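The values are calculated or read from the model by the stated rules, or taken from the named source; none is laboratory data. Just so it is clear, the structure is predicted and the values come from calculations on it, not from any experiment. Heads up, the Cβs are rebuilt from the backbone with ideal geometry, glycines too, and the neighbour counts pull from every protein chain shown. Just so you know, the surface numbers come from the protein's heavy atoms only, side chains and all, with ligands and any DNA or RNA stripped out. Shrake-Rupley method; radii C 1.70, N 1.55, O 1.52, S 1.80 Å.
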Amino acid sequence: MLLIECPYCGVKAEETELAAGGEAHLTRHGPDSAEEAFAAYLFDRLNPKGVHFERWRHVNGCGKWFHCARDTATLEVFGTYSAQTSAPPQTILDAIRARRPDWKPANAPAE
Amino acid sequence: MRDFAETSGVRVEALPPAGMVTLRGDLSDPRLGDALNAVGLALPDRRRIAAGSAGSTVWMSPDELLVVCGEGEDRGLAARLSEALAGVHHLAAAVGDARVRFAIDGKGARIALAKIAPADMAAFEIGEVRRTRVAQVAAAFWMTGPDAFELVCFRSVADYAGKLLASAAGNVEGIALP
Ligand SMILES: [Zn+2]
């Protein structure tokens with residue numbers, strides 16, 4: 001069972017109360033971009049086994065979108081944070097490194 | 001609406017219609033709290049319900065409140081809120097016609113709700129609000145007293161919710177929450 005704390009409600013929501021929104025912190029490439037960049041934006045995803053940053057929505061709750069850092073293999077949640085950011089905050093990165101000292105960001109989000 | 005039968009010491013009752021107002025706006029803006037006070041309402045804390053002279057205010061999200069007031073009073077209350085919030089970005093809409101309420105009370109009320117909602121019912125406190133789902137439908141409930149809850153959901157799913165609650169209220173004896 002996956003329990004994720006909604007940063008807006010402060011409740012530990014069970015997975016069925018939430019809707020998964022896929023990989024977080026994608027760079028949006030619009031209609032004016034190169035075809036390859038646009039295709040990558042639409043289709044290329046990391047799909048890692050381990051630490052991953054995702055978007056989730058508290059759909060059967062406050063309705064808010066937020067971000068979540070978790071381990072896709074163990075379902076350990078390192079933390080959740082506001083949707084109004086384009087990179088994980090330092091507190092989340094610290095929480096991940098505390099549990100996974102060898103972890104390196106896959107596409108190196110800005111630190 | 002029909003009343004749902006008493007089972008296993010948990011009473012589930014469809015409550016009479018109430019007026020309800022959805023208020024959207026930045027709850028951290030002090031002008032919003034002032035406007036609530038001006039119309040006889042109180043600003044609740046996160047995941048709490050606050051009582052006022054004009055009705056109760058239920059926390060729904062950082063930018064949404066649900067006001068429960070007397071039947072037929074919601075349109076007037078929404079208009080007074082909009083007047084008090086003139087110039088402040090907000091939405092006040094009367095939604096009472098689209099909602100129904102149920103009362104769930106009795107010794108096993110926590111267990112009845114724990115069966116159908118993914119919420120931590122063992123730690124639930126009086127005055128606490130939980131917006132969640134009950135089985136297949138969205139709902140919100142709050143604790144009104146010891147072993148007593150009030151639940152609100154969409155009128156379109158009232159029949160489903162009533163039967164679901166009545167079913168959950170059965171066979172609660174002998175089940176302990178962790
Ligand atoms: Zn939430």
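Assorted remarks:
- Helix A:90-99 vs. chain A, principal-axis angle (Cα, 0 to 90°, nearest 10): 70 degrees
- Residues in segment B:41-76 occluded by at least 40 Å² - accessible area, probe radius 1.4 Å, against chain by itself: B:46, B:47, B:62
- Projected area averaged over orientations for chain B, convex hull of C-alpha atoms, nm²: 9.6 nm²
- Average 1/r across all pairs of distinct alpha carbons in the protein assembly as shown, invert it, and you get the Kirkwood radius: 21.1 Å.
- In plain terms, the bigger the Kirkwood radius, the slower the diffusion; for segment A:3-99, with that radius from Cα pairs, at 4 °C and 1.567 mPa s, Stokes-Einstein puts D at 91 µm²/s.
- Acute angle (nearest 10 degrees) that the helix B:74-84 long axis makes with the longest principal axis of chain B, alpha-carbon atoms: 40 degrees
- Rounded to the nearest 20, the size of the Cβ-charge dipole of the protein assembly as shown about its Cα centre is 280 debye, with Lys and Arg at +1 and Asp and Glu at -1.
- Contact order for segment B:1-107, expressed relative to its length and based on alpha carbon pairs under 8 Å spaced 6+ residues apart, stands at 38 percent.
- Peptides A:30-39, A:93-102, ordered by how many other C-beta atoms sit within 10 Å of their residues on average, highest first, read A:93-102, A:30-39.
- Isolated Cys in the protein assembly as shown, by beta carbon distance under 4.7 Å: A:62, A:68, B:69, B:153
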